[in-house]
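What follows is one structure encoded as structure tokens, with my remarks underneath.
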Amino acid sequence: METFLRDNGNISWTELTTNDPEAACQFYTQTFGWQYETMNMAVGTYHVIKNGERAIGGIMKTPEQAQGQPPTWTSYVSVDNVDETAKKIQAAGGKIIVPAMDIPQVGRLIVLQDPQGAMIAAITYAAQS
């Protein structure tokens with residue numbers, strides 16, 4: 001990931017959750033020419049979307065706790081501190097949909113809903129080694 005994408009306020013990642021990640025990967029390869037690198041994670045196989053040499057997002061199976069929701073793209077906004085951002089979201093009239101959670105070797109994230117109902121995620125990335 002380009003380092004500037006980790007700066008506060010930048011949209012840094014996009015991710016698709018779907019019940020059929022393999023079909024989604026095939027569709028987006030045919031449509032946009034994307035390629036994938038797969039990673040085994042606790043929730044299953046994660047398909048890192050590659051546009052040329054750049055990793056630009058991911059595709060994964062819808063998590064068990066979200067079964068029943070339609071396939072959904074989520075954008076991630078980089079923030080300096082997810083927990084402080086959660087307070088700001090609530091103070092501004094938004095809702096926390098997925099409470100702050102740590103993703104090993106990635107960072108800490110939340111999923112939120114703005115007062116109009118739109119959803120987006122915020123993430124504080126783990127320090128790079």
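Couple of notes before you dig in:
- Distance cut-off 18 Å, percentage of C-alpha pairs in the range 79-129 lying past it: 26 percent
- Inter-site label distance for T3 and E53 at 7 Å from Cα along Cβ, in nm: 1.7 nm
- Phi-based couplings in Hz for the range 18-23 (Karplus 6.51, -1.76, 1.60; Gly and Pro marked x): 8, 6, 9, x, 5, 5
- Euclidean distance of C-alpha centroids, the range 1-29 and the range 58-129, integer Å: 13 Å
- Between helix 82-91 and the chain there is an angle of about 60 degrees, using the helix long axis and the longest principal axis of the Cα atoms.
- Unit charges at the beta carbon, dipole of the chain: most positive-side option, A92, I110, M41: A92
- For the chain, the mean residue ellipticity at 222 nm estimated from helices alone is -5000 deg cm²/dmol, where every DSSP H run of n ≥ 4 contributes -39500 (n - 2.57) and the total is divided by all residues, rounded to the nearest 500.
Computed from the coordinates by the stated procedures, all read-outs in this text should not be read as laboratory data. Computed from a predicted model, the values in this text were never measured in an experiment. Reconstructed Cβ throughout: ideal geometry from the backbone, glycine too, with neighbour counts over all protein chains shown.
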